[in-house]
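Undergrad: For reference, the structure I am asking about is given below.
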Amino acid sequence: MSNVRLRWDGQKVSDNVRREAVRGLRDGAEHLLTEANKTVPIETGELMRSGVPDVDDKALEATVSYDTPYAVRQHEETTYRHDPGRRAKWLELTLDEERARIQRYIEDKIRAALRGGSDA
């Protein structure tokens, strides 16, 4: 019979999972921005350049936003004409299209943390 010792450091595990979840959220938000920029309406490039990902580490929430005076109107107005490949609702539609991949970014980071690994 062999002796087995197990030491459980729950706080360390929890901290690692949280840290990796934040990294996964950041990766997912950056991916969403990159993909959304492929269909954002573009005339001068100002709207696309205003896009930023952000992660609230404490709340474990990520956002992607565009910050121009006309960003919301441009996003919501479905009657505007756009160049080929560009569209209204570009952020919302891209999130719908990329949701599974974004979730995998987060899941993969958490899974690695639970296995005791990290690519930090």
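Since every read-out is calculated from the coordinates, none of them should be taken as a lab result. What you see is a predicted model, and the numbers here were worked out from it, not measured in a lab. Using ideal geometry, Cβ is built from the backbone for each residue, glycine included, and neighbour counts are taken over all protein chains shown.
Undergrad: Could you work out how far helix 10-36 tilts from the main Cα principal axis of the chain, as a 0 to 90 degree angle to the nearest 10?
TA: So the helix axis and the longest Cα principal axis differ by about 20 degrees.
Undergrad: Which angle between 0 and 90 degrees, to the nearest 10, do you get for helix 90-114 versus the longest principal axis of the chain when only C-alpha atoms count?
TA: On a 0 to 90 degree scale, this one is about 10.
Undergrad: Could you work out [θ]222 nm for the chain from helices alone, using -39500 (n - 2.57) per DSSP H run of at least four and dividing by all its residues? Round to the nearest 500 deg cm²/dmol. All intermediate terms of the calculation are to be shown ahead of the outcome.
TA: Working: 4 runs with 62 residues, N = 120.
Only helices count here, giving -17000 deg cm²/dmol.
Undergrad: Rounded to whole Hz and in sequence order, give me ³J(HN,Hα) for the range 53-70 from the Karplus expression 6.51 cos²θ - 1.76 cosθ + 1.60, θ = phi - 60°, writing x for Gly and Pro.
TA: Rounded to whole hertz, the list is x, 8, 10, 8, 4, 6, 7, 6, 10, 10, 9, 10, 9, 10, 10, 10, x, 10.
Undergrad: Where the Cα atoms of the chain are projected onto their three principal axes, how long is each span, largest first, in whole Å?
TA: 75, 24, 20
Undergrad: Follow-up. Give the Rg (one decimal place) followed by the Dmax (whole number) of the range 54-120, computed from C-alpha coordinates and expressed in Å.
TA: In Å, with Rg to one decimal and Dmax whole: 16.6, 51.
Undergrad: Compute a Gaussian network model of the chain, connecting alpha carbons closer than 10 Å, and tell me which residue from ALA71, ALA36, ALA21 fluctuates the most.
TA: Sorting by GNM fluctuation, first place goes to ALA71.
Undergrad: Which residues in the range 78-99 have a backbone N closer than 15 Å to a point placed 7 Å from the Cα of SER50 along the Cα-to-Cβ line?
TA: Only 89-91 pass the distance filter.
Undergrad: Points 7 angstrom from Cα along the Cβ direction at ASP57 and TRP8: gap in nanometres?
TA: 2.8
Undergrad: Okay, moving on. Using only the alpha carbon atoms of the range 1-64, find the Kirkwood hydrodynamic radius as the inverse mean reciprocal pair distance, in angstroms to one decimal.
TA: Values: mean 1/r = 0.0689 Å⁻¹.
Taking the inverse mean of 1/r over all distinct Cα pairs, the range 1-64 comes out at 14.5 Å.
Undergrad: In whole Hz, with x marking every Gly and Pro, tabulate ³J(HN,Hα) for the range 72-79 from phi via Karplus 6.51 cos²θ - 1.76 cosθ + 1.60, θ = phi - 60°.
TA: With the stated coefficients, the range 72-79 comes to 5, 4, 5, 5, 8, 7, 7, 8 Hz.
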